[in-house]
Amino acid sequence: MIKGMFDKGALPTLERVVQFTEQRHRVLADNVANLSNPYYKARDLDPASFQDTLRDAIDERRSSATPSSGSLRLSDTDQVRFEQQGMETKPVELHESILFHDHSNVDLERTMQRLAENTLAHNLSIELVRNQFQMIELAISGRV
């Protein structure tokens, strides 16, 4: 019964978004940390690929007999391997047109833009998860 409370609605989707944005944040932070290292190549995880995989899993769940419940069946991509409780990521090198004198390709402005966008997505997902749990709390306390 308890498990059924947490695999309904948007919670499984939001959980995966939070996991992805957390992993992507680490990769982008590594790019900033290695900004002054010669020959360092910037890496990233492709959010569009993740979103496509997530959309396909949501569409598959919607077409099932119980469209609003059940876990998401996410297909692995070349960058993300989905596990029961998390995900394993394999960031790829960014092949941007800028190559600096030290043979690195880390563009600080672009990296900070990606980091800001990722932070916004992460914070929004966390807030939506918090709202979902508040609704469950209200239902349990009988104040609905």
Which residues, taken from the stretch 1-32, are of a type in the set (G, A, S) and modelled with pLDDT under 95? G4, G9, A10
If you check F100 against the conditions, is it on the phi < 0 side of the Ramachandran plot, within 19 Å of the chain's Cα centre (by Cα) and among the aromatic types (F, W, Y)? no
Could you list all residues from the stretch 22-49 that are under 11 Å from the mean Cα position of the chain (by Cα), of a type outside the set (D, E, K, R) and assigned to a helix (DSSP H, G or I)? Q23, H25, P47, A48, S49
So which residues in the stretch 106-123 are surrounded by fewer than 14 Cβ atoms within 10 Å (Cβ to Cβ) and either more than 18 Å from V32 (Cβ to Cβ) or touching a strand residue (DSSP E or B) at 6+ places or on another chain (Cβ under 9 Å) (or both)? N123
What is the number of the single condition among (1) more than 22 Å from F20 (Cα to Cα); (2) touching a helix residue (DSSP H, G or I) at 6+ places or on another chain (Cβ under 7 Å) that F100 does not meet? (2)
Select from the stretch 135-144 the residues that are without any contact (Cβ under 8 Å) to a residue 40 or more places away in the chain and either under 18 Å from E22 (Cα atoms) or hydrophobic (A, V, I, L, M, F, W, C) (or both) and write down the one among them that is surrounded by the fewest Cβ atoms within 10 Å (Cβ to Cβ). V144
Answer from H103, H95 - the residue that is at pLDDT below 90, under 20 Å from D44 (Cα atoms), in contact with a Pro (Cβ under 7 Å, 6 or more places away or on another chain) and loosely packed, with under 11 Cβ neighbours inside 10 Å: H103
Quick check on L72: is it surrounded by 12 or more Cβ atoms within 10 Å (Cβ to Cβ), under 26 Å from E127 (Cβ atoms) and modelled with pLDDT of 90 or more? no
Extreme residue, modelled with the highest pLDDT, among residues of the stretch 76-92 that are out of contact with any strand residue (DSSP E or B) (no Cβ under 8 Å at 6 or more places or on another chain) and of a type in the set (S, T, N, Q): T77
For the condition more than 30 Å from Q134 (Cα to Cα), of a type in the set (A, V, I, L, M, F, W, C) and either at pLDDT 95 or above or touching a Cys at 6+ places or on another chain (Cβ under 9 Å) (or both), what is the one hit in L45, L108? L45
Within the stretch 80-134, tally of residues that are among the aliphatic types (A, V, I, L, M) and either free of Cβ contacts under 8 Å to residues at least 24 places away in the same chain or assigned to a loop (DSSP other than H, G, I, E, B) (or both): 7
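Matching residues to (1) charged (D, E, K, R); (2) more than 21 Å from the chain's Cα centre (by Cα); (3) assigned to a helix (DSSP H, G or I); (4) at positive phi:
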residue: Q51; (1), (2), (3), (4): no, no, yes, no
residue: L54; (1), (2), (3), (4): no, no, yes, no
residue: I58; (1), (2), (3), (4): no, no, yes, no
residue: S64; (1), (2), (3), (4): no, yes, no, no
residue: D78; (1), (2), (3), (4): yes, no, no, no
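The values are calculated or read from the model by the stated rules, or taken from the named source; none is laboratory data. Note that the coordinates shown come from a computational prediction; the quantities given were computed from them, not determined experimentally. As a convention, Cβ positions derive from the backbone with ideal geometry for all residues, glycine included, and neighbour counts pool all protein chains shown.
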